[in-house]
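What follows is a short report on a single structure.
The values are calculated or read from the model by the stated rules, or taken from the named source; none is laboratory data. What you see is a predicted model, and the numbers here were worked out from it, not measured in a lab. Cβ placement follows ideal geometry from the backbone for every residue including glycine, while neighbour counts extend to all protein chains displayed.
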Amino acid sequence: MQEAALREYAERRGWQVIKVVCETASGAKQRPKRDALLAAARRREIDAVLVWKLDRWGRSTADLVTTLQELTALGVIFACLTEALDLSTPMGRAMAGMLSVFAEFERDLLRERVRAGQAHARSKGVQFGRPQTAALRTDEVLRLHRKNTPKAEIARRLGIPRTSVIRIIADAA
């Protein structure tokens, strides 16, 4: 039913259907068929993408907006049959603009939640970032450096990167 309606819409618009893509994996993180379709758009092999519903194209508002912006930048028309979104029309472009506002709002909310979570974790003593390794060996690096041990040898003996040895010595100078 969906494919027939999409073909009818394409025919009314005078579009030639080159390929029909059906992905059935609901909620899948990897979407190889959609990725292949985007790759075809990047190679300028297609002029339009027509979908039944927006949620068939994007799994999140941010994903939807990002891919719609990319398709628009590539000059590829995006149209959605049930939501009456057609980026080749002024109304469709206005709708896409509103979607991008909501996507930005969603990203801002997520960013705030992440920052609040990090602040809470820090207050409980959780440390972020890579664990200190070479910095813990600063005294040993400097002691060996004062004995004129080559930097590469210091790194080998202490089991730390040579660049870390160089940085520790430079910081101490």
Study note, to complete from the structure: Scanning the stretch 39-67 residue by residue, the ones that are at pLDDT 85 or above, under 16 Å from Leu87 (Cα atoms) and among the hydrophobic types (A, V, I, L, M, F, W, C) total 6
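Of Thr149, Thr89, which residue is more than 30 Å from Ala4 (Cα to Cα) and either modelled with pLDDT under 85 or of a type in the set (S, T, N, Q) (or both)? Give the derivation first.
Details: Thr89 fails: more than 30 Å from Ala4 (Cα to Cα).
Answer to the selection: Thr149.
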Revision key, fill the gap. Output for Cβ contacts, cut-off 8 Å, separation at least six or different chains, first residue free of Cβ contacts under 8 Å to residues at least 40 places away in the same chain and more than 18 Å from Ile18 (Cα to Cα) in the stretch 43-66, second among the aliphatic types (A, V, I, L, M) and assigned to a loop (DSSP other than H, G, I, E, B), reads Lys53/Leu81
Check your understanding: Scanning the stretch 67-100 for residues that are in a loop (DSSP other than H, G, I, E, B) and without any contact (Cβ under 8 Å) to a residue 60 or more places away in the chain, which turns out surrounded by the most Cβ atoms within 10 Å (Cβ to Cβ)?
Key -> Val76
Point to revise | Check on Ala103, loosely packed, with under 11 Cβ neighbours inside 10 Å and on the phi < 0 side of the Ramachandran plot | key: no
Study note, to complete from the structure: The correct count of residues that are closer than 21 Å to Thr82 by Cβ and either in a strand (DSSP E or B) or in contact with an Asp or Glu (Cβ under 9 Å, 6 or more places away or on another chain) (or both) in the stretch 28-38 is 3
Check your understanding: So how many residues does the stretch 4-35 have that are surrounded by fewer than 12 Cβ atoms within 10 Å (Cβ to Cβ), of a type in the set (A, V, I, L, M, F, W, C) and either at pLDDT 85 or above or closer than 12 Å to Trp52 by Cβ (or both)?
Key -> 3
